[in-house]
């Protein structure tokens, strides 16, 4: 941070620049750490759901040797009959791995929502805002550090945890197969885990960019509302959507809100293969990703623009905020 | 060099005027006690100085505009606004880590040294500490920051006399020097009478009295008047009179001490007595303000 400023008397100025000056990112880094200290759920909730899922998978994996024989043994009658659709059986195999990533992602989304609803409210409720404001950390840094939790930290946790979880699941499956004298090589060869991980990375990035205005809106309201942040954040929007629907028989706002929630899949993925057949969302091959279309979709940029505006408003608003 | 300089500082909340055009100049190396009844505008004045609230009029703190440059200003200014604003979920070690992380002038060793003199454990959460310990921790953090100006808004409210005494002793012995400036507001005026170098009484958003403690001691005299001299004493126009144990105690402003000594027992009034005299007495207010 630059301590130089016009009109600052010399005697103060000379004193102000003597200590080792901190880099601009240091307060941001420590503020993000502070948020994680305060909100354990940022990592505990995804870890807990991953652990529970892993437990369930460990139990289910007992049936794997049986299922593998059903599905993959080329000489079984069933396989001969079902061989016309290899993708189906691949999906059956990939499904638990896809579910793992989806579940972790869903929990992280919920954590992000609840975090954002409390982000600028909690510090006013417990009066600690007076302590934070007594330190040389700008409102911009504070708001950015809070926004970084749902926009950066949680997506990183989702991706890292999904990868780790999927690797453990595969290891578990392989061990069970080997112990039962089954073909571990088939699973190893058939399960497209690296491809799935790349899709998870892409999907996580796409979803967080698409959802950015939701988190930012909730943060802005959390800094504004005196109580019942969730209601203030949600009910007015629903009310306007309902009024629009009743008065004009249109649902422009309603479909816009729904699009903001789930519209990313249409914008970022080709959900039909080249023959026009809808693909199964449990296994999306790399060929079905549409980064070009996503990056050129107005929905993405409009959303990011709104998110930036909401954050700017939250920064400005925090200057005026006092304990509740 | 003025550390705080305000001219015509004005702030209103709706129709309620919290600061009614205050002029203020605090020199470096002073300890200013800001005293006034509830709702007098003390906290509003401090909030303006700390960049926590908007105001009208001119205000410079260490040469900066507090409202627009709060984060820069906080490198050189520390404050304890009210007791127990430290986040309750935080551990003591995390509080040290965080302040060390964001504050360029924080000397962690100094804070640690102060904490070893207390019963505060590094691994404790702040919610587990007593109110007195939270204040000690806050003081440890603040005293380890090499700041030019320290602002204390009711820092010892609700603490017992031991903690209060320790608080001001630490402040004077381990922190204060002539290059630092302290502004403190408190209702426990007896605690700060021997701590502050300057006194400012404020009421209804206006300064009622602004003087150094040397001036205070030479200017105000309280006399426990001998019953036979009461009429003579009253003739010297005391600004306040009260009865205690059947004796009249009269407070004088700017009357010669030797002259008063002939009328009874002479002593320096407490700030609290002067406070009552000036605040409870509209005529007295006018007299004080006129100075």
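Can you say whether residue B:10 is in contact (Cβ under 8 Å) with a residue 40 or more places away in the chain and closer than 18 Å to residue A:320 by Cβ, as far as the supplied structure shows? If you could, list the steps in order and put the result at the bottom.
Values: in contact (Cβ under 8 Å) with a residue 40 or more places away in the chain: yes; closer than 18 Å to residue A:320 by Cβ: yes.
Criteria met by residue B:10.
Of the residues in the stretch A:110-123, how many are out of contact with any helix residue (DSSP H, G or I) (no Cβ under 7 Å at 6 or more places or on another chain), more than 13 Å from residue A:216 (Cα to Cα) and away from chain B (no Cβ under 14 Å)?
Here is the first cut: in the stretch A:110-123, the residues out of contact with any helix residue (DSSP H, G or I) (no Cβ under 7 Å at 6 or more places or on another chain) are A:110, A:114, A:122.
Of the ones still in play, those that are also more than 13 Å from residue A:216 (Cα to Cα) are A:110, A:122.
Pick out the ones that are also away from chain B (no Cβ under 14 Å) and you get A:110.
Looking only at that region, the number is 1.
Go through the stretch A:242-264 and report how many residues are surrounded by 12 or more Cβ atoms within 10 Å (Cβ to Cβ) and over 26 Å from the mean Cα position of the chain (by Cα).
The qualifying residues number 4.
Only helices (runs of 4 or more DSSP H) wholly contained in the stretch A:205-324 count here; list those with 2 or more residues that are under 30 Å from residue B:43 (Cα atoms) and modelled with pLDDT of 95 or more.
Working: elements: A:229-248, A:252-262, A:264-268, A:291-295, A:298-320.
Once the helices (runs of 4 or more DSSP H) in the stretch A:205-324 are filtered for at least 2 residues that are under 30 Å from residue B:43 (Cα atoms) and modelled with pLDDT of 95 or more, what remains is A:298-320.
Go through (1) surrounded by fewer than 21 Cβ atoms within 10 Å (Cβ to Cβ); (2) part of a helix (DSSP H, G or I); (3) in contact (Cβ under 8 Å) with a residue 40 or more places away in the chain one by one and return the number of the condition residue B:157 breaks.
Among (1) surrounded by fewer than 21 Cβ atoms within 10 Å (Cβ to Cβ); (2) part of a helix (DSSP H, G or I); (3) in contact (Cβ under 8 Å) with a residue 40 or more places away in the chain, residue B:157 violates only (2).
Output the residues belonging to the stretch B:78-87 that are more than 8 Å from chain A (Cβ to nearest Cβ) and in contact with a strand residue (DSSP E or B) (Cβ under 7 Å, 6 or more places away or on another chain). Can you show your working first?
First, the residues of the stretch B:78-87 that are more than 8 Å from chain A (Cβ to nearest Cβ): B:83.
Correct list: empty.
Looking at B:165, B:121, can you tell me which residue is under 24 Å from residue A:127 (Cβ atoms), out of contact with any helix residue (DSSP H, G or I) (no Cβ under 6 Å at 6 or more places or on another chain) and surrounded by fewer than 17 Cβ atoms within 10 Å (Cβ to Cβ)? Give the derivation first.
Details: B:165 fails: under 24 Å from residue A:127 (Cβ atoms).
It is B:121.
Answer yes or no: is there a residue in the stretch B:110-127 that is at the interface with chain A (Cβ under 8 Å from one of its Cβ atoms), touching a residue at least 40 places away in the same chain (Cβ under 8 Å) and more than 24 Å from the chain's Cα centre (by Cα).
no
Sort through B:107, B:23 and tell me the only one that's within 12 Å of chain A (Cβ to nearest Cβ) and surrounded by fewer than 22 Cβ atoms within 10 Å (Cβ to Cβ).
None of the other options fit; the residue is B:107.
Evaluate the following for residue A:225: is it surrounded by 13 or more Cβ atoms within 10 Å (Cβ to Cβ), closer than 27 Å to residue A:139 by Cα and free of Cβ contacts under 8 Å to residues at least 12 places away in the same chain? Please lay out each step first, then the result.
Working: surrounded by 13 or more Cβ atoms within 10 Å (Cβ to Cβ): yes; closer than 27 Å to residue A:139 by Cα: yes; free of Cβ contacts under 8 Å to residues at least 12 places away in the same chain: no.
Against the criterion (surrounded by 13 or more Cβ atoms within 10 Å (Cβ to Cβ), closer than 27 Å to residue A:139 by Cα and free of Cβ contacts under 8 Å to residues at least 12 places away in the same chain), residue A:225 does not qualify.
Residue A:72 is checked against (1) more than 14 Å from chain B (Cβ to nearest Cβ); (2) in contact with a helix residue (DSSP H, G or I) (Cβ under 6 Å, 6 or more places away or on another chain); (3) at pLDDT 70 or above and fails just one. What number does that condition carry?
It is condition (3) that residue A:72 fails.
The values are calculated or read from the model by the stated rules, or taken from the named source; none is laboratory data. Since the model is a prediction, treat every value here as computed from it, not as a measurement. Counting neighbours? That spans all protein chains shown, and the Cβs are built from the backbone with ideal geometry, glycine included.
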